[in-house]
Amino acid sequence: MNYFVRSRGDETSDALCQRIRNYLTEFGLTESEEEPEIVISVGGDGTLLHAFHGYLHRLEETSFVGIHTGHLGFYADWKPEEVERLVIHIAKTPFQVVEYPLLEVVVRHLDAEEPDRYLALNECTVKTMEGSLVSNIEIKGEIFETFRGDGLCISTPSGSTAYNKALGGAILHPSLESMQVAEMASINNRIYRTIGSPLVLPQHHTCLLKPLNNVEMQLTVDHYSMVDRNIQSIQCRVAEEKIRFARFRPFPFWQRVKESFIGD
Ligand code: NAD
């Protein structure tokens, strides 16, 4: 079996990656950056987000597992001291795989025929570079509201514990094939009105943002940030593709939520 170890790039993570390589080579596994069946991310959640975006072209053939060299992460949930146990599990393939939903984002421009398509593991956010975001929101082809405010965050269930949580969004179990739309500081008064609550949409329901002011927008997809202009629409829905996590032990989602946010 081919594997690849991806480091955050700090000294501790690099050293741990080398130990993992040595162990896996002894077990007869081959390192392949191009065609790994398992990607071991060593660092934090950000490292796993980077690793995921590096293998968008072969998500069906790739599973991910994360080791944290800082604090416990959502994706990086193995401790450095558990690494021997982990490599033995990896060497004794086949391993169990769990699949989590992703978000598909399609951005159409006023001055381009071909849309841009992105996949997010955590979320996509939309803000403007100046002033408020003013955007119609259509759900399943029907106009829902006109949003005015700082921006919008559309997250996956596994991203619901990230930016979405800071915006007061609900935490969703990743077995729910859904996406969540959360507002960033909406303007609500006698003239402007938005729903105010985060919305959870099922698979096949699209959320279409149609900006009403043609200003420069800041779009983020996970850790990537870009400035875009002449945006006609941003269409979000649950993607056909999924991320595969290699599972070697039970670590229930709600336990992870408790350990990350409440403590022991
Ligand atoms: P970063 O270094 O700023 O890390 C942000 C924090 O988010 C880290 O503590 C990381 O462990 C945590 N995180 C990432 N994914 C998570 C998840 N699914 N559940 C719980 N916590 C998670 O940036 P990064 O490491 O490159 O990560 C990018 C992510 O940062 C974005 O996808 C976004 O979710 C998050 N973010 C959060 C806020 C906020 O909470 N106000 C603001 C901007 C970005």
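The values are calculated or read from the model by the stated rules, or taken from the named source; none is laboratory data. Please read these numbers as outputs of a predicted model, since none were measured by experiment. A quick note on method: Cβ atoms are made from the backbone with ideal geometry, for glycine too, and the neighbour counts reach across all protein chains shown. Surface accessibility is based on the protein's heavy atoms, side chains included, excluding ligands, DNA and RNA. Shrake-Rupley method; radii C 1.70, N 1.55, O 1.52, S 1.80 Å.
Within the stretch 4-25, restricting attention to residues that are β-branched (Val, Ile, Thr) and surrounded by 15 or more Cβ atoms within 10 Å (Cβ to Cβ), which residue is farthest from residue 43 (Cα to Cα)? Among those residues, the one meeting the criterion is 20. Checking each residue in the stretch 183-232 for being free of Cβ contacts under 8 Å to residues at least 12 places away in the same chain and assigned to a strand (DSSP E or B) picks out 225, 226.
For residue 100, the conditions (1) more than 16 Å from the ligand (Cβ to nearest atom); (2) in a strand (DSSP E or B); (3) open to solvent by 20 Å² or more (accessible area, probe 1.4 Å) all hold with the exception of (1). Between 86, 167, the distinction of being aliphatic (A, V, I, L, M), closer than 14 Å to residue 182 by Cβ and in contact (Cβ under 8 Å) with a residue 24 or more places away in the chain belongs to 167 only. Taking the condition of a type outside the set (A, V, I, L, M, F, W, C), within 30 Å of residue 38 (Cα to Cα) and modelled with pLDDT of 95 or more, does residue 228 pass? So residue 228 does not fit the description; no. Residues satisfying the criterion are absent from the stretch 128-138 (criterion: within 15 Å of the ligand (Cβ to nearest atom) and open to solvent by less than 10 Å² (accessible area, probe 1.4 Å)). Looking only at residues that are touching a His at 6+ places or on another chain (Cβ under 8 Å) and open to solvent by less than 20 Å² (accessible area, probe 1.4 Å) in the stretch 214-264, which one is nearest to residue 203 (Cα to Cα)? Step by step, filter the stretch 214-264, then rank; the result is 238. Within the stretch 32-72, the set of residues being of a type outside the set (D, E, K, R), free of Cβ contacts under 8 Å to residues at least 60 places away in the same chain and in a loop (DSSP other than H, G, I, E, B) comprises 32, 36, 44, 55, 70, 71. Scanning the stretch 48-58 for residues that are open to solvent by 10 Å² or more (accessible area, probe 1.4 Å) and touching a Lys or Arg at 6+ places or on another chain (Cβ under 8 Å) turns up 50, 54. Suppose we filter the stretch 41-64 for residues that are of a type in the set (Phe, Trp, Tyr) and either within 16 Å of the ligand (Cβ to nearest atom) or touching a Pro at 6+ places or on another chain (Cβ under 6 Å) (or both); how many remain? Final tally of qualifying residues: 2.
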